[in-house]
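Some notes on the structure that comes next.
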Amino acid sequence: MSRLLNFSNRNFKEVLRDPIIYIFCVGFPVVMMAIFQVISNFTGGNTPMFELLSLIPAIIMFSFTFVMLLMALLVSKDRQTFFLKRLYSSPMKSRDFVLGYASVGFIVGICQCIVCILTGLVISLITKVPFMSFAGCLLLILSQLPMLIICVFLGIWIGTILSDKSAPGVSSAFISLATMLGGCWMPLDTMGGFETFCRFLPFYPSIYLGRIATGATKTLGDAYTFDLTAQLGLIPIFLVMFLSLILSFVSFKKNMVSDKN
């Protein structure tokens with residue numbers, strides 16, 4: 001356990017030295033939230049997906065994809081510099097390495113949730129719009145944890161199978177797809193067949209659940225409720241979550257055995 005804690009502590013220090021965490025994981029989501037609030041204000045409420053309670057879950061999911069990028073870069077750089085190969089001679093097992101990386105991703109992700117919620121609170125005070133209760137904030141964070149797990153372990157998997165030069169490109173493509181297919185900035189509830197397709201992926205259902213927690217309203221004016229769309233959305237979320245866990249642990253162990261030989 002002490003080795004795992006030491007490894008996690010080292011990873012956390014490495015992450016804090018990386019400007020990505022400040023620019024993309026924290027700064028960029030906050031700026032995006034402010035920009036979309038300005039757009040919502042100037043459109044006179046005609047863009048419900050940019051309203052504060054609808055926007056916060058989208059920004060949180062968007063910010064989680066940068067945690068995936070952060071994890072992919074951290075793991076791939078450690079492999080490229082042979083840091084991991086030197087540690088393979090220690091008593092640590094492959095699961096210890098994966099959990100040592102993942103713990104840092106979880107901390108960053110939870111901090112992102114708190115920053116986004118606090119930013120939303122400040123904006124609500126400035127614009128004098130209703131905000132969530134404390135229980136709603138906790139429910140929002142809880143509803144987004146499966147998506148955080150997906151992004152953390154997918155990032156570890158990408159960093160395990162790709163080099164430090166290839167991992168950022170693949171992660172960037174994933175960020176773009178997640179944003180589009182999650183309906184972060186698009187009213188998917190008015191897009192018919194495209195919305196149906198997005199329900200089979202974890203991004204849109206995750207944001208949908210988040211909007212239920214915040215009490216947001218859809219483009220057509222109805223409130224988000226725990227309806228059939230939300231219930232069926234749990235299936236792809238948990239399927240992809242377990243798949244990301246399996247991929248990261250299996251791939252890392254395979255890579256560890258290969259490097260030892």
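The values are calculated or read from the model by the stated rules, or taken from the named source; none is laboratory data. These figures come from a predicted structure and were not determined experimentally. All Cβ positions, even for glycine, are placed from backbone atoms using ideal geometry, and neighbour counts span all protein chains on display. Areas reflect the complete protein model, heavy atoms only, side chains present, ligands, DNA and RNA absent. Shrake-Rupley method; radii C 1.70, N 1.55, O 1.52, S 1.80 Å.
Taking 18 Å as the cut-off, the amide N atoms of the stretch 58-85 that come nearer than this to a point 7 Å along the Cα-to-beta-carbon line of Leu145 belong to 60-61, 64. Take Ile21: with every protein chain present and a 1.4 Å probe, its accessible area is about 20 Å². Between the listed residues Ser54, Leu232, Leu188, the Cα displaced farthest toward the positive end of the dipole of the chain, a dipole computed from Cβ unit charges relative to the Cα centre, is found at Leu232. The long axis of helix 167-182 is offset from the longest Cα principal axis of the chain by roughly 20 degrees. A crude spin-label estimate for the pair Arg86 and Gln231, with each label 7 Å from Cα along the Cβ direction, gives 5.5 nm.
Between the Cα long axis of helix 2-17 and the first principal axis of the chain there is an angle of about 60°, rounded to the nearest 10.
If you take the alpha carbon atoms of the stretch 1-141 and fit the smallest convex hull around them, that volume is 115 Å³ per residue.
The sum of -39500 (n - 2.57) across all DSSP H runs of n ≥ 4, divided by the residue count of the chain, sets its helix-only mean residue ellipticity at 222 nm to -25500 deg cm²/dmol. Measuring nothing but how far apart in sequence close Cα pairs (under 8 Å, 6+ apart) lie, relative to its length, the stretch 171-261 scores a relative contact order of 23 percent. Over the chain, Cα pairs under 8 Å with separation of 6+ residues give a relative contact order of 27 percent. Ligands, DNA and RNA excluded, the heavy atoms of Ser251 present near 20 Å² of accessible surface to a 1.4 Å solvent probe.
Over all projection directions, the Cα-based convex hull of the chain averages an area of 14.0 nm². The lysines within cross-link reach of Lys93, meaning a Cα-to-Cα straight distance under 25 Å and a gap of 8 or more places when in the same chain, are Lys13, Lys77, Lys85, Lys253, Lys254, Lys260.
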